[in-house]
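Notes follow once the structure below has been shown.
The values are calculated or read from the model by the stated rules, or taken from the named source; none is laboratory data. All values reported here derive from a predicted model rather than from experimental measurement. Here the Cβ positions follow ideal geometry from the backbone for every residue, glycine too, while neighbour counts run over all protein chains shown.
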Amino acid sequence: MTENPGRLNGSSPKHHYYGNLRTTFLLTLLLATLAGCNSISTSSRYDPDCKYSLKKRKTHISRIVPGSPVPVTEELPVKVPERSVQQMFSSVRERFGTTYVWGGRSLDGFDCSGFVQYLYEESFQLLMPRTSADMASLGQVVPRRKLQPGDLVFFSNGGRTIDHVGIYMGDNSFAHVSTSSGVRIDRLDSRYYDQRFACAARIIMPD
């Protein structure tokens, strides 16, 4: 059966046009709402201090034990001596200006997550994930107002995914690796990083 394209169920072409327009608008609104769920959720898994913490957070991490052929599994946050945290900060300062190298995690050069990997393994014998996005799913989410030295701070350049990580040093400053100047320290309240701050996580707990 062939229908007149200008009419549907006895409606006029004008009514048919506005009906389609309304349907298109409602579908667009629905899709926009669903897209927003990729970053913000009201489910029980959503943490208001980290809009990227939608997937289940990891509560354990592997740790190297001197003399043992295999790592052990430790619950997060891992208790560490206060002196090891200070030693990590000394390592940060010793490596000021080390060149940015994509995928780097050695003294020849670091990227942001490679630098965190290097420091956390050197200082606490913890085996961290390779990417900043994977690191962001570890441990407890920490409100920005409750940051402690040694916490990890995460950033999103585009607003949808985690793509940068640094280590909180205290006094609103953090160490990280920038593509332009390598290892450096910046302030969280600087306009650039304040606008891109995504969340923070606690991996270690000084004794």
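Tell me which residues, restricted to the range 83-135, are more than 19 Å from PRO149 (Cβ to Cβ), in contact (Cβ under 8 Å) with a residue 24 or more places away in the chain and of a type in the set (A, V, I, L, M).
Listed by number, the residues that qualify are LEU127, ALA133.
So if I check each of GLU122, GLU74, which one is at pLDDT 95 or above, touching a Lys or Arg at 6+ places or on another chain (Cβ under 6 Å) and either assigned to a strand (DSSP E or B) or in the same structural domain as ARG196 (by TED's automatic domain parsing) (or both)?
Going through GLU122, GLU74 in turn, just one is at pLDDT 95 or above, touching a Lys or Arg at 6+ places or on another chain (Cβ under 6 Å) and either assigned to a strand (DSSP E or B) or in the same structural domain as ARG196 (by TED's automatic domain parsing) (or both): GLU74.
Looking only at the range 52-71, filter to residues that are crowded, with 16+ Cβ neighbours inside 10 Å and of a type in the set (Lys, Arg); which one of those is modelled with the lowest pLDDT?
Residue satisfying both the conditions and the ranking: ARG57.
I'm told ARG160 meets every condition in (1) touching a strand residue (DSSP E or B) at 6+ places or on another chain (Cβ under 6 Å); (2) more than 16 Å from THR98 (Cβ to Cβ) except one. Can you identify the failing condition by its number?
Unmet for ARG160, out of (1) touching a strand residue (DSSP E or B) at 6+ places or on another chain (Cβ under 6 Å); (2) more than 16 Å from THR98 (Cβ to Cβ): (1).
Keeping to the range 93-119, report how many residues are within 19 Å of the chain's Cα centre (by Cα), of a type in the set (Asp, Glu) and not in a loop (DSSP other than H, G, I, E, B).
Matching residues across the range 93-119 total 0.
Is it true that ARG187 is basic (Lys, Arg), in contact with a Ser or Thr (Cβ under 7 Å, 6 or more places away or on another chain) and surrounded by fewer than 19 Cβ atoms within 10 Å (Cβ to Cβ)?
Judged against the criteria, ARG187 is a match.
Can you tell me which residues in the range 77-86 are in a helix (DSSP H, G or I) and surrounded by 15 or more Cβ atoms within 10 Å (Cβ to Cβ)?
If the condition is that a residue be in a helix (DSSP H, G or I) and surrounded by 15 or more Cβ atoms within 10 Å (Cβ to Cβ), then SER84, VAL85 are the ones that fit.
Is there a residue in the range 159-171 that is of a type in the set (Lys, Arg) and either buried (at least 18 other Cβ atoms within 10 Å of the Cβ) or farther than 20 Å from VAL78 by Cβ (or both)?
yes
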